[in-house]
Amino acid sequence: MYAIIDIETTGGKYNEEGITEIAIHRYDGHQVIDSFISLVNPERSIQPFVVNLTGINNQMLRNAPKFYEVAKRIIEITTDCIIVAHNAKFDYRILRTEFKRLGYSFERQTLCTVELSKKLIPDLESYKLGRLCRTLGIPVTDRHRANGDALATIKLFKLLVDKDLQKSIISNSIRLEPKYQLDPKLIDIVASLPTITGVYYMHRSDGEIIYIGKSKNIKKRINQHFTSTSPKAKKIQIQVATVSYEKTGSELVALLKESEEIKRNKPIYNRALRRTIFTDALYSFIDDNGYINLKIDKADGRKKPITTFTNRQSAKSFMFNAVENYMLCQKLTGLHKVNKNCFNYTIKSCNGACIQKELPEIYNYRAQQLIAKNSFENSNLVIIDKGREIQERSAIYIKNGVFKGIGFFNLNYQINKIEILQSIITPMENNRDVQHILKSYLRKNKKLKIINLNTKDNS
């Protein structure tokens with residue numbers, strides 16, 4: 001959430017200025033959801049050059065509210081917002097000065113559209129709001145009035161967000177005023193990181209890894225770690241000395257590497273991810289009538305699941321979709337506990353397996369299709385995904401249903417022999433968490449290329 005602000009002042013000596021007009025628009029990234037625009041009685045004279053520039057004079061402000069009368073509204077509309085302004089340092093300083101006079105410490109994060117413009121649109125002659133808007137074709141009305149300039153800043157900000165394709169500059173540009181900003185060490189670390197998909201490692205000064213994570217944008221994720229106020233984040237911020245990373249290209253490879261590296265290195269701040277990352281699983285059994293039954297239950301390490309889920313809601317959602325896609329019975333999938341026929345039979349969406357009207361072998365064929373689609377048991381597969389470079393792809397190798405590891409290969413080479421595949425694969429541990437990562441990722445990302453080494457067919 002953003003609070004896009006413009007302030008007009010009296011002018012005068014540094015930190016002796018007063019606000020004459022203020023405009024604030026609460027912007028959710030898509031549209032303005034709240035606005036506050038007001039003249040303000042600064043209780044001091046306006047400098048003549050400011051009057052000429054803005055058109056605001058002392059007479060206009062005689063009956064305007066004083067700052068203390070609008071202070072509460074300013075706090076409300078900017079709560080949980082990043083302040084966005086053209087030359088944010090100035091507007092933020094003025095606001096803090098006015099609040100300080102009232103004995104209140106006003107603190108917000110800030111984002112400057114001047115700094116963003118210089119980074120995203122370099123080599124322009126001028127980055128003043130008026131010149132910048134003319135160059136970019138942004139219409140401006142009421143120039144040098146708070147609301148006119150604030151509305152222009154909104155349009156400029158939208159344009160800059162569109163130009164920031166990697167969304168890293170905005171994240172990296174967020175700063176608190178010097179007294180409250182990030183430790184320079186942390187700023188330097190963020191600035192040195194790329195906007196890539198991969199695994200990152202946070203190190204102490206002695207080199208020990210204290211945290212491992214993955215992200216589709218490492219720079220952005222590390223910035224989030226460093227600007228978070230959670231107890232764990234604050235401890236990391238104090239201890240971290242440097243951040244190293246490995247580019248993966250593929251989010252799935254990053255997930256697998258993250259899981260492997262956490263279990264291997266046991267970083268002090270990854271305690272939660274050392275444990276199993278799923279709670280529920282899908283199991284099957286054959287009932288007395290010969291029908292395959294599917295059941296969602298708590299994950300049990302002693303049983304072999306078809307697939308696993310991070311929570312019960314995700315599992316039930318999967319099951320409802322499976323019933324629809326494979327025309328399965330609600331009763332035999334545990335969704336509806338009934339003694340007779342399921343509801344779907346009454347609306348002809350179930351062929352009657354619930355009352356033995358459909359033959360077991362016919363019903364079981366569809367149930368087996370679901371099981372085969374979501375289980376790697378006895379499968380020999382290679383999952384092909386993005387590589388670290390344009391001419392590269394990643395390969396995730398599964399042998400007899402067991403995850404063997406990952407590797408990368410150049411597109412100039414075809415993986416047509418097991419020997420070649422095995423040579424490029426880095427062996428990794430197969431465990432319940434890895435199986436969950438693979439199965440859940442494939443459920444959600446159905447466009448991945450899969451090579452079946454048993455049939456040599458691609459899907």
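Every read-out reported here was derived from the displayed coordinates using simple, explicitly stated rules and does not represent laboratory data. From a predicted model like this one, the values you see are computed outputs, not experimental measurements. FYI the Cβ positions are ideal-geometry reconstructions off the backbone, even for glycines, and counts take in every protein chain you see.
Using alpha-carbon positions, what is the distance between the centroids of the range 84-154 and the range 251-324, in Å?
49 Å
In Å, the Kirkwood hydrodynamic radius of the range 2-173 over pairs of distinct alpha carbons?
16.5 Å
How much length is gained if the chain between Asp206 and Lys100 is pulled fully straight, taking 0.36 nm per residue apart and subtracting their Cα-Cα distance, in nm to one decimal?
Working: separation 106, 0.36 × 106 = 38.16 nm, distance 4.22 nm.
Full extension from Asp206 to Lys100 adds 33.9 nm.
Where does each of 293-304, 8-19 land if you order them by average Cβ count within 10 Å, highest first?
Numbers: 293-304: 13.1, 8-19: 17.2.
Peptide ranking by packing, descending: 8-19, 293-304.
Taking every Cα atom in the range 182-272, find the radius of gyration and the maximum pairwise distance Dmax, and write them in Å.
Calculated on Cα positions, Rg and Dmax stand at 12.2, 33 Å.
May I ask for log10 I(q)/I(0) of the range 280-373 at q = 0.20, 0.25 Å⁻¹, from a Debye sum over the Cα atoms as equal point scatterers with solvent left out?
Ignoring solvent entirely, the Cα scatterers give -0.95, -1.40.
Taking Lys444 as the anchor, which aspartates and glutamates have their alpha carbon closer than 15 Å to its alpha carbon, excluding any fewer than eight residues away along the same chain?
Here the aspartates and glutamates satisfying the reach criterion relative to Lys444 are Glu251, Asp385.
In nm, to one decimal, how far is the modelled label at Arg73 from the one at Thr242, with both set 7 Å along Cα→Cβ?
5.3 nm
Put +1 on the Cβ of each Lys and Arg and -1 on the Cβ of each Asp and Glu in the range 280-373; which of Ile362, Ala281, Asn344 then has its Cα farthest toward the positive end of the dipole?
Of Ile362, Ala281, Asn344, it is Ala281.
May I ask you to order 330-337, 224-231 by the average number of other C-beta atoms within 10 Å around their residues, highest value first?
Working: 330-337: 18.5, 224-231: 13.9.
By packing density, highest mean first, the sequence is 330-337, 224-231.
Given the rule -39500 (n - 2.57) for each run of at least 4 DSSP H residues, summed and divided by the residues of the chain, what is its mean residue ellipticity at 222 nm, to the nearest 500 deg cm²/dmol?
Details: 17 runs with 173 residues, N = 459.
Estimated from H runs of four or more residues: -11000 deg cm²/dmol.
Output the peptides 428-435, 71-78 sorted from most to least packed, where packing is the average of other Cβ atoms within 10 Å over each peptide's residues.
Working: 428-435: 17.4, 71-78: 15.5.
Highest to lowest by the protection proxy: 428-435, 71-78.
Rg to Rh ratio, the chain, alpha-carbon atoms and Kirkwood radius? Could the numbers behind the result be given before it?
Details: Rg = 29.9 Å, Rh = 26.9 Å.
Here Rg/Rh amounts to 1.11.
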